[in-house]
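Notes follow once the structure below has been shown.
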Amino acid sequence: MKVIVASDPSNLPKLVSAAKSLSPEVIEAVSTEEVSVPVDKLLIADLSLNDCWTSALSEMEFDLMLLPSTRDFKEIGARVAARKGISYLSDAQELELGGQLVVSRMVFSGRGVERLKTPLPAVLTVDLDAFEPISGTGDPSEVEELKVDCSPRINLVERREREAEVDLSKAEIIVSVGRGLKKKEDLEMIRELASLLGAEIACTRPISADFKWLPEERHVGMTGVRVKPKVYLALGISGQIQHVVGFRDAETVISVNTDPDAPISEVSDYFIVADLYEVVPKLIEEIRRRKGSS
Ligand SMILES: Cc1cc2nc3c(=O)[nH]c(=O)nc-3n(C[C@H](O)[C@H](O)[C@H](O)COP(=O)(O)OP(=O)(O)OC[C@H]3O[C@@H](n4cnc5c(N)ncnc54)[C@H](O)[C@@H]3O)c2cc1C
């Protein structure tokens, strides 16, 4: 079996891990720069636009093509599969070969897993959180330049880097707020608590998307960031599945909610039935007292 993995350089080590899980005879990689990954051949191409990636990848012969589950590669993968008239599946988390290819992926915001069977050849996009990067196992046996003949129909006019304030996926302690917070000004006490705890601030989608009290990169969940802190302190958050899926890998979840039946109680290690406006000032006072006395 021949597997082609294709992506920008940073995601290639995870895709190679995913490919190796099938023990194929041949793994080839396509990327825009040289990367140290143990593949039979690395093809380096000058690619940036989706149209050009699609043209380059559609020309290749393979049994299975693995791409990262990013917005751009989901589009590229679907177009490559359509051009070749082969199967396409997105967000694969586990791959098995048993006659046909069996792919597992999350459904219902993480409440279930579905297994799908597809004949080969196929194009898949892979959930990058589901695979560890392959490391320290060698360089490509061969490196070649790939010439791509591409006349894109869609051209890039401008790309501006956004100043991301924070990378929540690396935070060890997170103080997260939901609609239990009554007004934007009350974020001050949350900032104070976070600063005393050395924590990052996160939120539910309504707080960033609807109220615009915090930037988009701080909203946790299905349509936001996935986090895995040691402590996730959820203040005034009901615990809808679309939010919970974003912190399910947290080590300890502590939540404060006035409603004893709030669904977040089911996913909390410590569930405090209380008003966050009473709890937060008391926490700040107690941490200050302890810091002052240490
Ligand atoms: C397609 C889709 C995708 C979505 N993706 C996301 C996502 O990625 N992330 C996300 O967060 N949401 C997402 N949502 C929205 C999600 O369904 C919920 O609506 C949202 O998470 C609820 O936010 P919340 O907990 O802040 O608000 P609410 O559900 O309104 O909960 C507020 C909670 O605060 C409690 N409370 C009120 N006052 C206090 C107080 N003084 N002290 C303590 N507790 C108090 C209440 O009892 C309640 O439980 C998505 C929805 C859809 C349809």
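The values are calculated or read from the model by the stated rules, or taken from the named source; none is laboratory data. No experiment lies behind these values; they were computed from the predicted model shown. Note: ideal-geometry Cβ built from the backbone for every residue, glycine included; neighbour counts use all protein chains shown.
Quick notes
- Of all residues in segment 195-219 being touching a residue at least 40 places away in the same chain (Cβ under 8 Å) and farther than 18 Å from residue 162 by Cβ, the one that is nearest to the chain's Cα centre (by Cα): 197
- Looking only at segment 67-104, and only at residues there that are within 30 Å of residue 239 (Cβ to Cβ) and without any contact (Cβ under 8 Å) to a residue 24 or more places away in the chain, the one that is surrounded by the fewest Cβ atoms within 10 Å (Cβ to Cβ): 71
- Any hit, segment 7-27, residues being farther than 19 Å from residue 128 by Cα, among the acidic types (Asp, Glu) and either in contact (Cβ under 8 Å) with a residue 12 or more places away in the chain or in contact with a Leu (Cβ under 9 Å, 6 or more places away or on another chain) (or both): yes
Residue-wise test of (1) over 26 Å from residue 149 (Cβ atoms); (2) under 22 Å from the mean Cα position of the chain (by Cα).
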residue	(1), (2)
36	yes, no
39	no, no
47	no, no
56	no, no
67	no, yes
70	no, yes
92	yes, yes
99	yes, no
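- Of all the listed residues (64, 57, 22, 43), the sole one being within 24 Å of residue 137 (Cβ to Cβ) and crowded, with 24+ Cβ neighbours inside 10 Å is 64.
- Note on segment 159-186: among residues that are at pLDDT 90 or above and either farther than 30 Å from residue 201 by Cα or among the acidic types (Asp, Glu) (or both), the one that is surrounded by the fewest Cβ atoms within 10 Å (Cβ to Cβ) is 185.
- Flag if residue 176 is under 28 Å from residue 218 (Cα atoms) and in a strand (DSSP E or B): yes
- Residue in segment 109-119 that is free of Cβ contacts under 8 Å to residues at least 40 places away in the same chain, of a type in the set (Ser, Thr, Tyr) and touching a strand residue (DSSP E or B) at 6+ places or on another chain (Cβ under 7 Å) present: yes
- Filter pass, residue 8 being of a type in the set (D, E, K, R), closer than 16 Å to residue 60 by Cβ and in the same structural domain as residue 132 (by TED's automatic domain parsing): no
- For residue 23, the test of being modelled with pLDDT under 95, over 30 Å from residue 153 (Cβ atoms), of a type in the set (Ser, Thr, Tyr) and not in a helix (DSSP H, G or I) is passed.
- Segment 275-294 residues that are farther than 15 Å from residue 234 by Cα, paired with ones that are at pLDDT 95 or above (beta carbon under 6 Å, 6 or more apart): 284/192; 284/193; 287/196
- In the condition set (1) within 10 Å of the ligand (Cβ to nearest atom); (2) more than 30 Å from residue 30 (Cα to Cα), residue 187 is compliant with all but (1).
- Residue check for residue 271: in contact (Cβ under 8 Å) with a residue 60 or more places away in the chain, crowded, with 17+ Cβ neighbours inside 10 Å and within 23 Å of residue 110 (Cβ to Cβ): no
- Test result for residue 107, surrounded by fewer than 16 Cβ atoms within 10 Å (Cβ to Cβ), at pLDDT below 90, touching an Asp or Glu at 6+ places or on another chain (Cβ under 6 Å) and of a type outside the set (Phe, Trp, Tyr): yes
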